[in-house]
Amino acid sequence: MDPSLVALTEFDADRRAVLEPRTYFAKVSIPERVVGCFFHDVIAAVSVGLEPAYRIPVEHGAHPIWVIERDGVEVAVFNPGVGAPLAACCLEAVIGLGGAKIVVCGGAGQLVPGFAVGHVVVPTSALRDEGTSFHYLEPGRYVEPSSVAVAAIVAELETKGVPHEQGRTWTTDGLFRETRGKVERRVQEGCLTVEMEAAALFAVAAFRGITLGQMLYCGDDMSAPEWDYRDWDTQGSVRASLFELALGAVLRL
């Protein structure tokens with residue numbers, strides 16, 4: 001196919017956009033250390049009694065940014081939202097408000113056998129099968145998180161004795177287009193998990209020059225011929241534990 005027919009290949013290196021985060025979002029400050037948490041239940045628990053430091057305005061409803069204290073250090077907490085465009089938008093807001101050292105925690109589909117639900121994976125690269133990252137970086141197949149953030153995450157996991165894997169994740173926009181053929185090809189490329197945001201988050205962080213890494217827990221299992229739900233989104237203790245590990249990791253940055 002002629003690459004000129006694909007708009008996503010038309011990368012523009014101009015760093016100035018018509019609409020910049022600093023002009024769109026309010027002029028408030030948040031702590032430089034931030035945890036992005038996709039678990040609404042965990043955020044609801046840790047934000048009891050608190051007022052948001054800021055509400056990221058989006059059409060379906062604002063995404064609050066909360067500030068909590070851990071070991072005498074203030075840490076901002078927010079939910080990036082599902083899907084690469086929304087997650088990138090919320091991350092842009094967080095960076096524009098002062099976030100610079102960020103650890104994200106979320107769940108993912110498991111592509112390879114052998115991991116129990118809740119097993120931790122630390123992405124060392126993301127396969128860019130979404131669209132958002134192509135607006136931040138030149139076209140390419142993979143994008144990497146900050147090596148500094150990955151090292152902090154791994155150090156926290158090892159200190160706490162948490163079994164984990166490091167490897168590639170597959171970021172896709174097509175939740176219901178993860179065909180068996182695609183899954184097999186991604187596994188052959190070394191992908192351990194599939195999710196919908198990592199590539200975009202890594203690309204925004206690289207473009208803005210901030211430190212960001214991610215932690216995932218294995219949720220539903222896509223490695224067998226039949227999809228296994230495994231009640232992945234009701235694993236309350238797993239989700240709370242991963243959030244605490246993310247907090248510990250961000251304090252190392």
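One table, with the values for the structure above:
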| quantity | calculated |
| --- | --- |
| Of all DSSP beta bridges in segment 1-142, antiparallel share, percent nearest 5 | 55 percent |
| Between segment 142-200 and segment 204-230, the alpha-carbon center distance in angstrom | 5 Å |
| Test item: Cα-centred dipole of segment 194-253, Lys/Arg +1 and Asp/Glu -1 on Cβ, debye | 500 debye |
| Dimensionless Rg ratio for the chain, taking C-alpha atoms and the 2.2 N^0.38 Å reference | 0.97 |
| Charge dipole magnitude, Cβ of K and R +1, D and E -1 - segment 6-45, Cα centre, debye nearest 20 | 240 debye |
| Using alpha carbons only: equivalent-ellipsoid semi-axes of segment 64-107, gyration tensor based, whole Å | 20, 12, 8 |
| Accessible surface of the chain, 1.4 Å probe, proportion on carbon and sulfur as whole % | 54 percent |
| For segment 70-192, convex hull of alpha carbons as volume per residue, Å³ | 131 Å³ |
| Radius, Kirkwood style, for segment 1-109 when every pair of distinct Cα atoms is counted (Å) | 15.4 Å |
| Of all DSSP beta bridges in segment 110-236, antiparallel share, percent nearest 5 | 30 percent |
| Spin-label zone in segment 187-205 - amide nitrogen under 18 Å from a point set 7 Å from the Cα of ASP233 along the C-beta vector | 194-198 |
| When the convex hull of its Cα atoms is projected in every direction, mean area for segment 1-57 (nm²) | 7.4 nm² |
| Size of segment 195-253 as Cα extents on the principal axes (Å, biggest first) | 41, 24, 14 |
| Accessible area per residue in Å² at 1.4 Å probe, computed on the chain | 47 Å² |
| Lys, Arg +1 and Asp, Glu -1 on Cβ, resulting dipole of the chain about Cα centre, debye, nearest 20 | 460 debye |
| Rg/Rg_globular for segment 128-253, with Rg_globular taken as 2.2 N^0.38 Å and Rg from C-alpha atoms | 1.10 |
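The values are calculated or read from the model by the stated rules, or taken from the named source; none is laboratory data. Because the structure is a prediction, the values reported are computed rather than measured. Note: ideal-geometry Cβ built from the backbone for every residue, glycine included; neighbour counts use all protein chains shown. Ligands, DNA and RNA are excluded from the accessible area calculation, which covers all protein heavy atoms including side chains. Shrake-Rupley method; radii C 1.70, N 1.55, O 1.52, S 1.80 Å.
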